[in-house]
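Q: Structure provided below as structure tokens; questions to follow.
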Amino acid sequence: MQGASVTHQKLRVYKGASRAHFTSLQEQRALTVFNPLKIYYTMAPYTLTYFAVKGRCGALKMMLADYGQQLKENLVTFEQWGQGDIKASCLFGQLPKFEDGDLVLYQSNAMLRHLGRKHGAYGKNDCEASRIDMMNDSVEDLRLKYIKMIYQEYETGKEAFIKDLPNQLKPFEAILAKNKSGFLVGDQISFADYNLFDLLLNFKVLSSSCLDSFPALKSLVDKTAARPKIKALLECDTFKKMPINGNGKQ
């Protein structure tokens, strides 16, 4: 598999696999949501601990789905989080928490970079990697503006956010239009593309016409959504029903 470690290349394919092959409820959920081709590994899969929202993990889930990687989820309710024990166990007092064997990560963008390195989604050389970092940081800046609006200014700031969105999207459109591959950097998809794709899906829910004047961005969304394993994830009922944000605003 693309960029996968030797450990993760040791897989078995069960064409007739069913939910019965997975003994735990979370393993069954992982098969249904993130493993539509019924591929699973002899080694332990990745584990994600997070709330039952897409939130900051949409891009990570889409990326893992695209690379055929199994993901086990530990879903935390807001009631459990409010009790404080789980929060106290987290390094920075926040989720998501991502586990890859003995490696434990707590920052969502660090998770994307880690998976980008492992699965060949971090460019072909140091220059491309640096440009991917730049683009992903720019996506993060825009996501923070979106999060602030959603959680702090939804009633008073939604209209202004949508009005200013074209100005925020112009630099990404320019980069994609210049790079004829249709990706942000180089000629293959990177973790920054998954991250931008996830955020653009949120924007389309916020304003269905927001990409009408941005053909390169619209093409990125359409092409990424059509990738078979991502398409299967997006069409899965469990994923579709999951709220975008924890406060129900979108």
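The values are calculated or read from the model by the stated rules, or taken from the named source; none is laboratory data. Since this is a predicted model, take the numbers as computed values, not measurements. Cβ coordinates were reconstructed from backbone atoms using ideal geometry, including for glycine residues, and neighbour counts include every protein chain displayed. Heavy atoms of the whole protein, side chains included, go into the accessibility calculation; ligands, DNA and RNA do not. Shrake-Rupley method; radii C 1.70, N 1.55, O 1.52, S 1.80 Å.
Q: Starting from the Cα-Cα distance between Leu103 and Ser213, subtract it from 0.36 nm times their residue separation and give me the gain in nm to one decimal.
A: Fully extending the segment from Leu103 to Ser213 adds 35.4 nm.
Q: Rank these by accessible area, largest first, 1.4 Å probe: Lys72, Lys240, Lys180, Lys223.
A: Descending accessible area places them as Lys180, Lys240, Lys223, Lys72.
Q: Pop out the Kirkwood hydrodynamic radius of segment 53-197 from its pairwise C-alpha distances, inverse of mean 1/r, in Å to one decimal.
A: Averaging 1/r across every pair of different Cα atoms and inverting gives 16.9 Å.
Q: Let me ask another. Under Stokes-Einstein, with the Kirkwood radius over Cα pairs standing in for Rh, what whole-number D in µm²/s applies to segment 173-250 at 37 °C and 0.692 mPa s?
A: Using the Kirkwood radius from Cα pairs, D works out to 244 µm²/s.
Q: Between Asp187 and Phe92, what is the label-point separation in nm under the 7 Å Cα-to-beta-carbon projection?
A: Placing both labels 7 Å beyond Cα along the Cβ direction yields 3.6 nm.
Q: Evaluate 2.2 N^0.38 Å with N set to the residue count of segment 81-150, then give the Cα radius of gyration divided by it.
A: Cα Rg divided by the expected 2.2 N^0.38 Å: 1.34.
Q: Please state, to two decimals, what the Cα-based radius of gyration of segment 145-199 comes to when divided by 2.2 N^0.38 Å (N = residues).
A: The reported ratio for this selection is 1.38.
Q: Could I ask something else about it? Obtain the nm distance between the two label points defined at Asp222 and Cys127 by a simple spin-label model: each point lies 7 Å from its Cα along the Cα-to-C-beta direction.
A: Taking the simple label geometry, Asp222 and Cys127 are separated by 3.1 nm.
Q: Leaving out ligands and nucleic acids, note down the accessible area per residue over segment 69-175 with a 1.4 angstrom probe, in whole Å².
A: That works out to 56 Å² for each residue.
Q: For a quick protection proxy, order the peptides 99-105, 196-202 by their average other-Cβ count within 10 Å, most packed first.
A: Taking the mean over residues of other Cβ atoms within 10 Å, the ranking is 196-202, 99-105.
Q: Please arrange Glu128, Glu235, Glu159 by accessible surface area, largest first, computed with a 1.4 Å probe and ligands excluded.
A: From most accessible down to least: Glu159, Glu235, Glu128.
Q: Okay, moving on. Treating segment 46-114 as a set of equal point scatterers at the Cα positions, no solvent, please give the Debye-formula log₁₀ I(q)/I(0) at q = 0.14, 0.18, 0.28 Å⁻¹.
A: -0.40, -0.66, -1.46
Q: Here's something else I'd like to know. Please compute the Cα-Cα pair-distance distribution of segment 117-250 with 5 Å bins starting at 0, giving whole percents from short to long.
A: Taking every Cα pair in segment 117-250, the percentages come to 2, 10, 18, 22, 20, 16, 9, 3, 0.
Q: When the Karplus curve 6.51 cos²θ - 1.76 cosθ + 1.60 is applied with θ = phi - 60°, which whole-Hz ³J(HN,Hα) does each residue of segment 154-159 get, with x for Gly and Pro?
A: Result, ordered by residue: 4, 6, 9, x, 4, 4 Hz.
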